[in-house]
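Structure, as structure tokens:
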Amino acid sequence: MREKWRLQPPACNGVTTGAVWFATPVTFHGVIYVGSNFGCLYAINEATGVILWSRFSIFQPVQTCQQPLGIVSSINVQDDGAGNPVLYFHAPDGYLYKLRGSDGSTVWQSLVQIPSSLVNDVYAWSSPTVANGKVIIGVSSNCDTPFVQGQVRAYDAGTGAPLWVHKTIPD
């Protein structure tokens with residue numbers, strides 16, 4: 001085995017140093033999809049390491065937690081039925097997205113839970129699962145200061161419409 005290429009996370013939203021990969025990379029037809037801790041999602045050519053496109057999402061600044069967080073959840077990549085990738089992405093901005101894998105453009109976005117601008121409350125830790133026409137994600141606290149009610153939520157994979165919410169912690 002030999003290293004073909006190595007890539008540090010490139011500049012993201014004006015931040016040029018200190019970015020790391022937190023999420024697990026996912027590949028589909030020769031393209032790697034992965035997010036950085038400074039909030040950018042990247043599509044990378046698997047053979048060459050060349051960035052094909054990037055998209056800034058958001059990152060949570062230090063408020064009541066010890067560290068800022070960008071993208072930590074993995075992308076779920078599915079075939080659109082015609083061989084093209086679609087990405088399901090639980091973003092730190094409080095939305096679930098369906099994106100075109102070709103360029104990162106939005107197909108739909110659906111509200112999950114918007115993080116507070118004053119404290120680190122809810123956070124997008126959960127990687128989406130796609131099955132039987134549903135996108136399923138978890139909702140949890142960033143660092144439990146304040147505590148956020150745990151939930152599992154399902155959305156329609158085609159439209160992004162919310163389908164159901166299961167509270168894992170009582171009201």
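The values are calculated or read from the model by the stated rules, or taken from the named source; none is laboratory data. What you are looking at is a predicted structure, and each value in this text was computed from that prediction instead of being measured. Backbone-built Cβ (ideal geometry, glycine too); neighbour counts: all protein chains shown. Calculation scope for accessible area: heavy atoms of the full protein, side chains included, ligands and nucleic acids excluded. Shrake-Rupley method; radii C 1.70, N 1.55, O 1.52, S 1.80 Å.
General observations
- Of all beta bridges that DSSP places with both ends in the chain, some 100 percent have antiparallel geometry.
- Each listed q (0.08, 0.09, 0.17, 0.20 Å⁻¹) maps to a log10 I(q)/I(0) for the chain, found by the Debye formula over equal Cα scatterers with no solvent: -0.24, -0.31, -1.04, -1.34.
- Solvent-accessible heavy-atom area per residue, rounded to whole Å², over the chain at 1.4 Å: 51 Å²
- Surface composition of the range 52-112: carbon plus sulfur atoms hold 46% of the accessible area, using a 1.4 angstrom probe and ignoring ligands, DNA and RNA.
- The convex hull of the Cα atoms of the range 55-137, projected and averaged over all directions, covers 5.4 nm².
- The chain, relative contact order in percent, only Cα pairs under 8 angstrom and at least six apart counted: 13 percent
- Cα gyration tensor, the range 100-171 - rounded (a/c under 1.5), prolate or oblate: oblate
- Separation of the range 4-55 from the range 136-169 is 26 Å, based on Cα centroids.
- Ordering of 139-147, 76-84 by packing is 139-147, 76-84, highest average first (other Cβ atoms within 10 Å, averaged per residue).
- Modelled spin-label separation between VAL20 and ASP156, with each label point placed 7 Å from Cα along the Cα-to-Cβ direction: 4.1 nm.
- Three-way shape call for the range 89-130 based on the alpha-carbon gyration tensor, with the a/c threshold at 1.5: prolate
- Shape of the range 1-94, Cα gyration tensor, a/c cut at 1.5: oblate
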